[in-house]
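Written below as structure tokens is the structure these notes are about.
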């Protein structure tokens, strides 16, 4: 989903570093062969995730909502040696596409794909890592608060959580959408919760469809 004007989006992408070939191929494949291609992070957002990861130099990344794997591949670019991205996908078809592209990328060994219910899987893999350095939330909107609460105590001090789609095509500022659309209400409530949460500092960025950035205090 794109919230900003398409001409501005296109201009921003033209003046942003190129995506690697393996991401370009995944981008193209997703748009030609997979349903709901708008769910893909895409070039601009992908380069943002890559840059954040490179700045953080994380050991342990949690990617909630793999889809076809674009975000996981971008996040993997900043990993420390022997670091891992744990990525979660409930849909079997999407998981298969993602795994195939992970296998043909430079990060075959660094990305661990978990297939199954996200809430249950987060609870399980929280025991596998000492702490999360970086968490990316982009799955069921109704579960954003649940994902957040499952992760926040496991994120190290100074670590980042980021949540996608928090502007929901601008619906979060439209009273009619707040009344009629359940996902809009879920996301608005999540945004309100984060603003009031003393455990984090937060910044809502109007990139693409909105990204909520949260740094653990």
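The values are calculated or read from the model by the stated rules, or taken from the named source; none is laboratory data. Model, not experiment: these values are computed from the prediction. Glycine gets a Cβ as well: all are built from the backbone with ideal geometry, and neighbour counts include every protein chain shown.
What the table shows:
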item: Selected residue [under 25 Å from residue 215 (Cβ atoms) and touching a strand residue (DSSP E or B) at 6+ places or on another chain (Cβ under 9 Å)] from 76, 12, 98; result: 76
item: Residue in region 147-182 that is modelled with the highest pLDDT, counting only those that are farther than 25 Å from residue 48 by Cα and either within 12 Å of the chain's Cα centre (by Cα) or assigned to a helix (DSSP H, G or I) (or both); result: 182
item: Region 6-40 - residue that is in a loop (DSSP other than H, G, I, E, B) and farther than 18 Å from residue 164 by Cα and, of those, nearest to the chain's Cα centre (by Cα); result: 19
item: Count of region 76-101 residues which are under 19 Å from residue 152 (Cα atoms) and crowded, with 24+ Cβ neighbours inside 10 Å; result: 3
